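A short write-up of the structure that comes next.
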Amino acid sequence: MSDFGIFPSDEWAVAQGNGPDGPILTRYRSRMPSSADRALFSNLILIRWQYADAGAGVFPDGETLDLMAEFEDAVLEAADHEKYWGSGVAVITEGGVREWRFYTPDTSEFMANFNRILAGKEALPLEFQAFDDPEWIALAELQAATS
């Protein structure tokens, strides 16, 4: 495993555009990890933070951006540098929501580590969903849509 978790390097791409709910900003891993790592990290976790009304067409304000950056730095740093519990692959801001996408071998272990990292910090307005995604479609679609 590299210094960047299951990714050989810390390469991210950024794409901007407009959708039906206003501007979209996407940051995502520009390469796929090995097929063995994709098979191991087959569960997708979506973490969403709604910061404005749906369709408001605005990006987060400065204070919210600071809180999001603090959250993101803590979770991505731990997930990518601690062995085998998660790997961040995308951050999407659109329509009043910021969404982080992670892959994990085990959703329960991911949540336990996630809670450990954020223990003692301010509660955040986060919603979670988990899916089986052994083909890594949630990342592949972002890569295809922005290339």
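The values are calculated or read from the model by the stated rules, or taken from the named source; none is laboratory data. Everything numeric in this text was worked out from a predicted model, so none of it was measured. A quick note on method: Cβ atoms are made from the backbone with ideal geometry, for glycine too, and the neighbour counts reach across all protein chains shown. The area values use the complete protein model at the heavy-atom level, side chains included, leaving out ligands, DNA and RNA. Shrake-Rupley method; radii C 1.70, N 1.55, O 1.52, S 1.80 Å.
Looking across the range 94-135 at every residue that is of a type in the set (A, V, I, L, M) and part of a helix (DSSP H, G or I), the one that is surrounded by the fewest Cβ atoms within 10 Å (Cβ to Cβ) is identified as Ala112. Of all positions in the range 137-147, none carries a residue that is touching a helix residue (DSSP H, G or I) at 6+ places or on another chain (Cβ under 8 Å) and touching a residue at least 40 places away in the same chain (Cβ under 8 Å). Among the criteria (1) of a type outside the set (A, V, I, L, M, F, W, C); (2) more than 21 Å from Pro20 (Cα to Cα); (3) out of contact with any helix residue (DSSP H, G or I) (no Cβ under 8 Å at 6 or more places or on another chain); (4) touching a residue at least 12 places away in the same chain (Cβ under 8 Å), the one Ser108 does not fulfil is (4).
Residues that are surrounded by 16 or more Cβ atoms within 10 Å (Cβ to Cβ) and in contact with an Asp or Glu (Cβ under 7 Å, 6 or more places away or on another chain) occur at least once in the range 78-87. State all residues of the range 50-60 that are touching a residue at least 40 places away in the same chain (Cβ under 8 Å) and either open to solvent by 60 Å² or more (accessible area, probe 1.4 Å) or among the aliphatic types (A, V, I, L, M) (or both); if no residue qualifies, say none. Selection gives Gln50, Ala52, Asp53, Ala54, Ala56. Return yes or no: is Asp73 out of contact with any helix residue (DSSP H, G or I) (no Cβ under 7 Å at 6 or more places or on another chain) and farther than 23 Å from Thr146 by Cβ? Criteria met by Asp73. Summed over the range 4-49, the residues that are in contact (Cβ under 8 Å) with a residue 60 or more places away in the chain, open to solvent by 60 Å² or more (accessible area, probe 1.4 Å) and either under 24 Å from Met111 (Cβ atoms) or aromatic (Phe, Trp, Tyr) (or both) give a count of 6.
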